[in-house]
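Presented below is the structure to which this report refers.
The values are calculated or read from the model by the stated rules, or taken from the named source; none is laboratory data. Remember, predicted model here, so these are calculated numbers, not experimental data. Ideal geometry is used to build each Cβ from the backbone, glycine not excepted, and the neighbour counts take in all protein chains shown. These accessible areas exclude ligands, DNA and RNA; they are computed on the full protein's heavy atoms, side chains included. Shrake-Rupley method; radii C 1.70, N 1.55, O 1.52, S 1.80 Å.
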Amino acid sequence: QVQLVESGGGLVQAGGSLRLSCAASGSIFSINAMGWYRQAPGKQRELVASITSGGSTNYADSVKGRFTISRDNAKNTVYLQMNSLKPEDTAVYYCRAVVAARIYWGQGTQVTVSS
């Protein structure tokens, strides 16, 4: 089993910044892709950003230029630096990891951006 623990969410004003962290623990031999998804009330969960074990990244168009995903393979941790936050970024943010072809999710962390 793999556990993902997120931290760093909170309330911030529009234009502000937050940094999310997700630490993986458990039966980890190698983690393939890690990523962040978000789900706003009444909407489907959507990809925010992902990063492979080799460092290749992918971003949703809505966050390009504002968010940066990174990972520390030695610590099995992925980060999401969020700058220039907008009210429409308000959502529960979930960490996702692919380990040995299985998908794991964190419990989610709330990000609220006030206007």
Q: Inspect all residues belonging to the range 49-60 and state whether any of them is closer than 14 Å to Val113 by Cβ and surrounded by 14 or more Cβ atoms within 10 Å (Cβ to Cβ).
A: no
Q) What are the residue pairs meeting all of these: first residue in the range 41-59, first residue touching a residue at least 40 places away in the same chain (Cβ under 8 Å) and farther than 14 Å from Val98 by Cβ, second residue of a type in the set (S, T, N, Q) and open to solvent by less than 70 Å² (accessible area, probe 1.4 Å), Cβ atoms under 6 Å, and 6 or more apart or on different chains? A) Arg45/Gln39
Q) Which one is modelled with the lowest pLDDT among residues in the range 29-39 that are over 18 Å from Gln107 (Cβ atoms) and open to solvent by 40 Å² or more (accessible area, probe 1.4 Å)? A) Phe29
Q. Among the residues of the range 35-78, which ones are of a type in the set (Gly, Ala, Ser), assigned to a loop (DSSP other than H, G, I, E, B) and over 16 Å from Arg19 (Cα atoms)?
A. Ala40, Gly42, Ser53, Gly54, Gly55, Ser56, Ala60
Q. From Gln1, Gln13, which residue is free of Cβ contacts under 8 Å to residues at least 60 places away in the same chain, of a type outside the set (A, V, I, L, M, F, W, C) and open to solvent by 40 Å² or more (accessible area, probe 1.4 Å)?
A. Gln1
(Q) Looking at Ser84 and the list (1) in contact (Cβ under 8 Å) with a residue 24 or more places away in the chain; (2) assigned to a strand (DSSP E or B), which single condition is not satisfied? (A) (2)
Q: Only one of these is of a type in the set (Ser, Thr, Tyr) and open to solvent by less than 40 Å² (accessible area, probe 1.4 Å): Thr68, Thr112, Thr77. Name it.
A: Thr77
Q: Would you point out which residue out of Val113, Val98 is under 14 Å from the mean Cα position of the chain (by Cα) and β-branched (Val, Ile, Thr)?
A: Val98
Q. Pick from the range 80-102 the residues that are open to solvent by 50 Å² or more (accessible area, probe 1.4 Å) and modelled with pLDDT under 95: which of them is nearest to Gln13 (Cα to Cα)?
A. Arg102
Q. Just for the range 16-28: of the residues that are part of a strand (DSSP E or B) and aliphatic (A, V, I, L, M), which one is most open to solvent (accessible area, probe 1.4 Å)?
A. Ala23
